[in-house]
1. Which of the residues spanning the stretch 337-350 are within 21 Å of residue 402 (Cα to Cα) and open to solvent by 20 Å² or more (accessible area, probe 1.4 Å)?
2. Would you check if residue 334 is assigned by TED's automatic domain parsing to the domain that holds residue 301, more than 16 Å from residue 76 (Cβ to Cβ) and open to solvent by 10 Å² or more (accessible area, probe 1.4 Å)?
3. Does residue 381 satisfy being within 28 Å of residue 23 (Cβ to Cβ), among the aliphatic types (A, V, I, L, M) and either touching an Asp or Glu at 6+ places or on another chain (Cβ under 7 Å) or not assigned by TED's automatic domain parsing to the domain that holds residue 241 (or both)?
4. Quick check on my filter: what residues within the stretch 11-43 are among the hydroxyl-bearing types (Ser, Thr, Tyr), farther than 17 Å from residue 422 by Cβ and assigned to a strand (DSSP E or B)?
5. Any idea which of 249, 190 is assigned by TED's automatic domain parsing to the domain that holds residue 179, in contact (Cβ under 8 Å) with a residue 60 or more places away in the chain, within 16 Å of ligand 1 (Cβ to nearest atom) and surrounded by fewer than 24 Cβ atoms within 10 Å (Cβ to Cβ)?
6. Is it the case that some residue within the stretch 155-165 is among the hydrophobic types (A, V, I, L, M, F, W, C), within 14 Å of ligand 2 (Cβ to nearest atom) and either open to solvent by 10 Å² or more (accessible area, probe 1.4 Å) or free of Cβ contacts under 8 Å to residues at least 12 places away in the same chain (or both)?
7. When only residues in the stretch 193-224 that are within 16 Å of ligand 1 (Cβ to nearest atom) and open to solvent by 20 Å² or more (accessible area, probe 1.4 Å) count, which is farthest from residue 97 (Cα to Cα)?
8. Looking for whichever is among the charged types (D, E, K, R) and within 24 Å of residue 213 (Cα to Cα) here; the options are 413, 386. Which one fits?
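The values are calculated or read from the model by the stated rules, or taken from the named source; none is laboratory data. It should be emphasised that the depicted structure is a prediction, and the values quoted were computed from it without experimental measurement. Positions of Cβ are generated from backbone atoms using ideal geometry, with glycine treated the same way; all protein chains shown enter the neighbour counts. Remember, those area values only see protein heavy atoms, side chains included, never the ligands or the DNA or RNA. Shrake-Rupley method; radii C 1.70, N 1.55, O 1.52, S 1.80 Å.
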Amino acid sequence: MFDLCIDGATVVDGSGAPAYVADVGVCGGTIAAIGQLSQSPAQQRIDANGQVLSPGFIDVHTHDDRALLIAGMMEAKLSQGVTTVVTGNCGLSLAPGRLRGAIPPPLDLIATPEWLRFARFGDYLQALEESAIAVNAMCLVGHLTLRANVMDSLDRAATDAECAAMRELLAEALAAGAWGMSTGTFYAPARHASADEIVAVGEPLRGAGGLFTTHMRNEGELVAQSLEETFSIGRRLGVRVLISHHKLAGIANHGRSRETLDLIAAAMQRQPVSLDAYPYNASSTVLRPEFIARASAVRVSWSEKHPDQAGRLLAEIAADWQCDQESAANRLMPAGAIYFMMDEEDVRRILAFPKTMIGSDGMPHDDYPHPRLWGTFPRVLGHYCREQQLFDLTTAIHKMSGLPASELGLSRRGTIAENHAADLLLFDPQTVADTASYDEPRSAATGISHVWVNGRLAYTPGVLHDHGAGRVLRRTARTSE
Ligand code: CU
Ligand code: ZN
């Protein structure tokens with residue numbers, strides 16, 4: 001007797017294999033059977049009517065550390081078919097949360113003083129478990145957060161003693177089930193960390209088989225050097241490296257994805273390397289005067305001092321205030337922004353690269369977020385797959401499910417197979433589309449009819465059903481590759 005049977009689905013199983021038609025029976029949160037199940041009794045039956053049944057998507061790059069703990073906030077992800085998120089990216093995590101000083105930007109994208117309430121990483125994971133999260137979570141420890149825990153000032157390299165203290169915090173987090181460590185050496189408060197510092201701090205990743213993800217030091221002129229630094233950190237630690245939101249920033253670097261993807265493909269022959277990207281040609285992070293010059297336009301996503309300006313173009317604000325954009329930025333800060341600074345051809349080339357996974361990099365706490373927060377996964381399916389035919393549907397789904405599961409070392413998820421967790425979604429491949437835009441960023445996908453997390457119905461259009469179906473996926477000792 002199944003809890004649920006989904007009848008007559010076009011199964012795209014996430015492995016990249018061709019679609020097939022079958023019934024899928026779910027029992028106790030697990031996919032119990034796949035085949036002709038019309039004679040098998042089930043508590044509930046759903047007629048898929050030819051819609052596509054795919055594994056729930058894995059959002060490999062998120063800043064949902066705090067959003068997971070707030071009821072309703074994961075609708076942004078569930079409505080896209082996302083059933084697992086990787087938190088703690090770009091060097092930023094909510095835990096451990098004993099900062100020595102004020103919250104350094106960009107940690108303020110996710111942290112406020114009252115949310116830095118988890119002394120140890122294990123306390124944070126426990127809080128996720130106790131608060132009944134809506135999707136599954138794999139949690140990384142942020143290197144900038146570690147720095148802010150042990151250093152009194154961040155505009156310098158860490159001392160040996162500080163590296164040892166960070167190493168201890170990381171080891172404790174990994175023992176509690178953290179999935180790895182992220183860095184964001186692109187940002188001022190982590191920029192002074194050399195590769196040696198990162199290797200010294202990251203040492204516990206080696207034995208744990210932890211993942212190293214990075215918002216690289218440079219995604220512009222020095223991108224090739226940054227890639228080399230990333231690969232070398234991975235080799236020195238003996239762990240997989242994941243290049244976050246791979247992109248080429250600034251007009252001078254447009255077109256260079258040919259070169260960077262060649263470098264990445266070559267490195268993949270020597271060591272475990274992964275990469276993710278989001279399907280947009282604008283980025284989003286904190287607003288900083290020094291980030292403005294390389295963007296053709298900048299849109300403000302939030303401002304602490306002038307919240308009423310969120311959603312407006314910086315150039316318009318500067319015109320109103322009769323100043324230049326840099327001065328306007330200074331008056332708006334602390335603030336966030338969307339930067340139009342990538343070349344669409346690079347975006348397409350990177351998305352189409354066979355090993356590229358999809359990560360939204362959505363900013364859940366922005367007043368006027370980048371549309372990637374609500375639109376990433378349906379945009380890959382609708383815009384890039386169906387309309388632009390950048391890849392076929394089985395490839396699109398593989399990039400968002402089976403590929404990340406295997407690269408991140410997630411067993412029993414990411415593909416539709418017997419005994420795998422029943423993280424599933426049902427959608428119409430002819431109509432699935434993103435509707436979130438720069439003007440209307442909080443807008444749910446169309447064409448997705450059901451999303452299940454661990455066998456429990458979590459989302460139907462416009463309705464959150466089960467707020468607590470997700471699990472904390474704690475990394476258990478894995479063999480390092
Ligand atoms: Cu990020
Ligand atoms: Zn980043």
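1. Narrowing the stretch 337-350 to residues within 21 Å of residue 402 (Cα to Cα): 348-350.
Listed by number, the residues that qualify are 348, 349.
2. Working: assigned by TED's automatic domain parsing to the domain that holds residue 301: yes; more than 16 Å from residue 76 (Cβ to Cβ): yes; open to solvent by 10 Å² or more (accessible area, probe 1.4 Å): yes.
It is true that residue 334 is assigned by TED's automatic domain parsing to the domain that holds residue 301, more than 16 Å from residue 76 (Cβ to Cβ) and open to solvent by 10 Å² or more (accessible area, probe 1.4 Å).
3. no
4. Step one: filter the stretch 11-43 for residues among the hydroxyl-bearing types (Ser, Thr, Tyr), giving 15, 20, 30, 38, 40.
Keeping just the survivors that are farther than 17 Å from residue 422 by Cβ gives 20, 38.
Of everything in the stretch 11-43, just one residue is among the hydroxyl-bearing types (Ser, Thr, Tyr), farther than 17 Å from residue 422 by Cβ and assigned to a strand (DSSP E or B), namely 20.
5. Values: 190 fails: surrounded by fewer than 24 Cβ atoms within 10 Å (Cβ to Cβ).
Answer to the selection: 249.
6. No, there is no match, as no residue in the stretch 155-165 is among the hydrophobic types (A, V, I, L, M, F, W, C), within 14 Å of ligand 2 (Cβ to nearest atom) and either open to solvent by 10 Å² or more (accessible area, probe 1.4 Å) or free of Cβ contacts under 8 Å to residues at least 12 places away in the same chain (or both).
7. Step one: list which residues in the stretch 193-224 are within 16 Å of ligand 1 (Cβ to nearest atom), which gives 211-219.
Subset that is open to solvent by 20 Å² or more (accessible area, probe 1.4 Å): 217-218.
Values: 217: 24, 218: 27 Å.
Applying the filter and picking the extreme gives 218.
8. Numbers: 386 fails: within 24 Å of residue 213 (Cα to Cα).
Just one listed residue meets the conditions, 413.
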